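A.B. asks: Please find one structure pasted underneath; my questions will follow.
The values are calculated or read from the model by the stated rules, or taken from the named source; none is laboratory data. Keep in mind it's a predicted model, so treat the numbers as computed, not measured. Virtual Cβ from ideal backbone geometry, glycine too; neighbours counted across all protein chains shown.
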Amino acid sequence: MPGTSSKSTAAVGVISATASFIIWGASPVYWKLLKGVPALESVMHRIVWSFILLFVIVMILNRRELMSTLKNKSSMMLLGGSTLMVAINWLIFIWSVTHDQVLQASLGYFICPLGSILLGIVFLKEKLRRAQLLALVIAAGGVLYLTIHYGQIPWVALSLGVSFALYGLIRKQVATGALVGLTVETLLLFIPAGLYLFYLDYTGAGFFLRDGWRISLLLIGTILPTAPPLLLFTVGARRLNLSTIGFLQYIMPTCAFILAVFLYQEPFEKAQLLTFITVWIALAIFSIDSVVAGRRSRVSP
């Protein structure tokens with residue numbers, strides 16, 4: 001029966017996408033295990049080991065798309081930009097976790113969807129609906145309040161939100177799947193990452209194979225919060241509409257928020273609570289508006 005088949009496909013999509021966001025949201029637990037390792041070294045290992053795994057998978061499953069992407073100059077230029085954004089995002093995220101700033105990281109990923117709207121207006125000339133404008137103003141007000149209260153810009157949250165929003169903007173311009181795209185991105189970073197790790201090993205400053213087998217295995221295992229959730233997300237994204245994915249993506253920062261407040265007991269003051277509340281209100285307005293707009297577009301002839 002067609003209806004049963006479509007429901008089954010949607011169920012697989014929801015399970016896969018949810019699993020990917022839970023893994024990403026719980027990833028601070030993994031990065032905390034590498035707290036003694038500099039964030040830059042952890043990122044370099046994440047790049048090297050992720051590329052090795054992704055390259056093997058792509059050569060088996062999607063070799064043609066990889067080769068055509070590598071030959072496409074415009075795609076490679078855009079992927080060069082997205083590579084820079086994902087590298088910055090990974091570095092700041094790992095730094096935030098290992099420096100007890102998981103709460104700011106959570107705020108950054110809550111802000112990200114709203115940042116994507118702003119970038120769409122600026123670069124893609126997308127029109128802003130009233131509800132979207134209201135959501136942006138409310139979220140900006142929350143961040144401004146936090147900045148004034150502490151006397152400094154919440155740079156971790158803003159950097160993560162902006163870098164990931166820019167990453168999404170650039171990747172939207174590339175007709176390449178998520179798996180092949182990340183493979184190319186890690187490929188572009190593989191040589192500098194490998195050279196940096198070789199330098200650390202040569203100078204004796206690196207942790208790999210020098211600080212016990214546990215740390216070395218954890219550094220190799222940095223592929224775990226990278227490749228598997230991406231593959232699950234790809235499975236989900238192909239089976240679900242964007243509005244559903246949009247709702248599910250809030251699982252990630254929610255998990256990080258719960259970890260920061262209840263497991264790691266990071267300071268959570270009134271100013272932070274008010275900021276999160278304003279961002280959550282903005283996201284609720286944004287999500288409801290997206291659903292309403294989607295239904296109207298389907299109803300319209």
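A.B. asks: Just one of SER42, SER16, SER75 is modelled with pLDDT of 95 or more and either in contact with a Leu (Cβ under 7 Å, 6 or more places away or on another chain) or assigned to a helix (DSSP H, G or I) (or both); which is it?
C.D. replies: On inspection, the qualifying residue turns out to be SER42.
A.B. asks: How many of the residues making up segment 139-148 are out of contact with any Leu (no Cβ under 9 Å at 6 or more places or on another chain) and among the hydrophobic types (A, V, I, L, M, F, W, C)?
C.D. replies: So the answer is 2.
A.B. asks: If you don't mind, another one. If you go through segment 193-213, how many residues are assigned to a loop (DSSP other than H, G, I, E, B) and surrounded by 13 or more Cβ atoms within 10 Å (Cβ to Cβ)?
C.D. replies: 4
A.B. asks: Would you please name the residue that is surrounded by the fewest Cβ atoms within 10 Å (Cβ to Cβ), looking only at residues in segment 136-186 that are more than 20 Å from MET252 (Cβ to Cβ) and polar (S, T, N, Q)?
C.D. replies: Step by step, filter segment 136-186, then rank; the result is GLN152.
A.B. asks: Scan segment 247-258 and give yes if some residue there is under 15 Å from the mean Cα position of the chain (by Cα), assigned to a helix (DSSP H, G or I), over 23 Å from LEU103 (Cβ atoms) and at pLDDT below 80, otherwise no.
C.D. replies: Checking segment 247-258: not a single residue is under 15 Å from the mean Cα position of the chain (by Cα), assigned to a helix (DSSP H, G or I), over 23 Å from LEU103 (Cβ atoms) and at pLDDT below 80.
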